[in-house]
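To keep things clear, I will list the structure first and then write my remarks on it.
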Amino acid sequence: MTRPGELSRGLGAGLSVALGYLPVALTFGVLAGQTGLSPAEAAGMSAWVYAGASQFLALRMIAAAASPLQIVLATFILNFRHFLMGASLARKLSARRGIAAALSYWLTDETFVVASIRLASGPEARLSAASFLVLGLMAYASWVGGTLAGALLAQWIPAAVMGSLGIGLYALFIALLVPSIRKSWRFGLVAGASAAIGFAVSRLAPALSEGWILIGATLGASALGTLLPAESEVQP
């Protein structure tokens, strides 16, 4: 039986993610309209793909006339981290395997962090399927609804406002990174390495498209993360 407390915890956690998603989703909707996507296509992309950073990347690659293979490969590699996040969260999720698989559709960077920190913090904590479902649905509704609203309102939003909205995704990532970095030096090192590798690849190979630069940064930082010792292995 689902307890009311589980639903209320999911609502509280989901509200914070939904509010954070809204301006970023509006930005994506606006940029999708500028790229040539109709409001229905933009909302459909958010509903079907549902991968914020990868959707922004896909838009830039579409605008640059990248091949479908490049777009699919870049977004796949960028989202490969979801396998690791899903495996980590599944160990805390109190649900059958089939239900856990269905809930994975609503797994994002933000829902993973919020679920891990607010809904199932601690090594022995368990995550309720109901609370994660509420969290995921609120985030999903905000992302799809915000995308549709941004695409519909794109022609009435001033250019200066549209330019400032572009930092919304970076602000959301920073808000998620800072608490994790404060808790884990290893996480901070890998995050810094991602930025450094991406910058180095873009400087050393300026002819590469943005998609390939992101692929190189993602693979390089992931390789570095596997080489670092676990925090439990480091002597104080």
Over all distinct Cα pairs, what is the inverse of the mean 1/r for segment 1-56, reported as the Kirkwood hydrodynamic radius in Å? 12.9
Roll a 1.4 Å probe over the protein heavy atoms and report the accessible area of Arg60 in Å², nearest 10. 140
Karplus couplings for segment 97-107 from phi (6.51 cos²θ - 1.76 cosθ + 1.60, θ = phi - 60°), rounded to Hz, Gly and Pro as x? 4, x, 5, 4, 5, 5, 5, 5, 4, 9, 7
Compute the separation of the alpha-carbon centres of segment 77-109 and segment 35-56 and state it in Å as a whole number. 22
Can you work out ³J(HN,Hα) from phi for every residue in segment 58-73, in order, using Karplus 6.51 cos²θ - 1.76 cosθ + 1.60 and θ = phi - 60°, giving whole Hz and x for Gly and Pro? 4, 4, 5, 6, 5, 5, 8, 6, 5, 6, x, 4, 4, 5, 5, 5
Protein-only accessible surface order, largest first, of Trp48, Trp156 at 1.4 Å: Trp48, Trp156
Write down the accessible area per residue of segment 4-166 in Å², having rolled a 1.4 Å probe over the full set of protein chains. 50
The answer for Leu127, listing residues at least 5 apart or on another chain whose modeled amide H is closer than 5 Å to its amide H, is Leu93, Ser94
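The values are calculated or read from the model by the stated rules, or taken from the named source; none is laboratory data. This one's a predicted model, so the numbers in the text were calculated from it and none came from an experiment. Accessible surface areas use protein heavy atoms only, side chains included; no ligands, DNA or RNA. Shrake-Rupley method; radii C 1.70, N 1.55, O 1.52, S 1.80 Å.
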